[in-house]
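The values are calculated or read from the model by the stated rules, or taken from the named source; none is laboratory data. Since we're looking at a predicted model, the values are computed, not measured. As a convention, Cβ positions derive from the backbone with ideal geometry for all residues, glycine included, and neighbour counts pool all protein chains shown. Please note that ligands, DNA and RNA were not included when accessible areas were found on the heavy atoms of the full protein model with its side chains. Shrake-Rupley method; radii C 1.70, N 1.55, O 1.52, S 1.80 Å.
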Amino acid sequence: MDDLDRATAFDYVTYLRATPDRIWEALTDPASTARYWGMTFESDWRAGSPMVWQGMGLGGNDPEQVVLAAEPGRRLSYTWHTFTPEFAEATGMPPELHADLAAESRSKVTFDIEPAGPTLTRLVTVHDGFDEGSTVLSMIRDGWPALLSSLKTYLETGDPLPDPQ
């Protein structure tokens, strides 16, 4: 990525000792996401379908929260969640921060899942569509590495990373 792209996007590569199908399952199965992410997603995982986040004050259908691409074992993309007042309250977010986040343009995350050997898979995570100077982007720069490390640990050991707090 050049400097301009880094100002409006986040990209991260993770190598996991898991099959592409197992990674897909971990990204889409509510029982799995609850373990390493602490929330679940409701969707039929077809492009254009709604994706409902459940947990931490998130829930309810948002017409802009949709699956953008879904190719099991290969690619998953969806719009990033809505910053609701309930989410702000559940996470103890200051009102000023919530107002900043809620005012930003909707972003999207894409996971490209690529075989890298018989038992190794390369997971490329790109979160983009941010406005220049995005507060959400500055927050996810720390959040994604921790979450993807927990996903990796969960898939390779059966247990997610402990909460760092």
- Query: How large is the accessible surface per residue of the stretch 1-131, computed with a 1.4 Å probe and reported in Å² as a whole number?
  - Reply: 50 Å²
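For the chain, with all protein chains present and a 1.4 Å probe, just round the carbon and sulfur fraction of the accessible area to a whole percent.
On the way: 4460 of 8510 Å².
Percent of accessible area from carbon and sulfur atoms in the chain: 52.
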- Query: Say R0 is 30 Å: what FRET efficiency, to the nearest 0.05, do Asp100 and Ala34 get from their beta-carbon distance?
  - Reply: 0.60
- Relative contact order (%) - the chain, alpha-carbon pairs under 8 angstrom, separation at least six: 29 percent
- Query: In nm, to one decimal, how far is the modelled label at Glu86 from the one at Arg141, with both set 7 Å along Cα→Cβ?
  - Reply: 3.2 nm
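Take each of the peptides 33-40, 78-85, average the number of other beta-carbon atoms within 10 Å over its residues, and list them starting from the highest.
Ranked from most to least packed, the peptides come out as 78-85, 33-40.
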- Item | Area projected by the alpha carbon convex hull of the stretch 63-121, averaged over all directions, nm² | 5.8 nm²
- Convert each backbone phi in the stretch 142-150 into a coupling constant with the Karplus relation 6.51 cos²θ - 1.76 cosθ + 1.60 (shift: θ = phi - 60°), then list the ³J(HN,Hα) values in order as whole Hz, x for Gly and Pro. 8, x, 4, x, 5, 5, 5, 5, 5
- Query: Projected area of the chain, taken from the Cα convex hull and averaged over every viewing direction, in nm²?
  - Reply: 9.6 nm²
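Counting other Cβ atoms within 10 Å, keep those with at most 14, restrict to DSSP loop, and tell me which GluC sites (Glu not before Pro) in the stretch 17-99 are left. Can you show the working numbers first?
Numbers: sites: Glu25, Glu42, Glu64, Glu86, Glu89, Glu96; in loops: Glu64.
Answer in residue order: Glu64.
Regarding the stretch 85-165, what is the average projected area of its C-alpha convex hull, in nm²?
Working: hull surface 27.6 nm².
Hull-based average projected area comes out at 6.9 nm².
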- Item | Theoretical gain in end-to-end length, Thr157 to Thr119 [0.36 nm per residue, Cα-Cα removed] | 12.3 nm
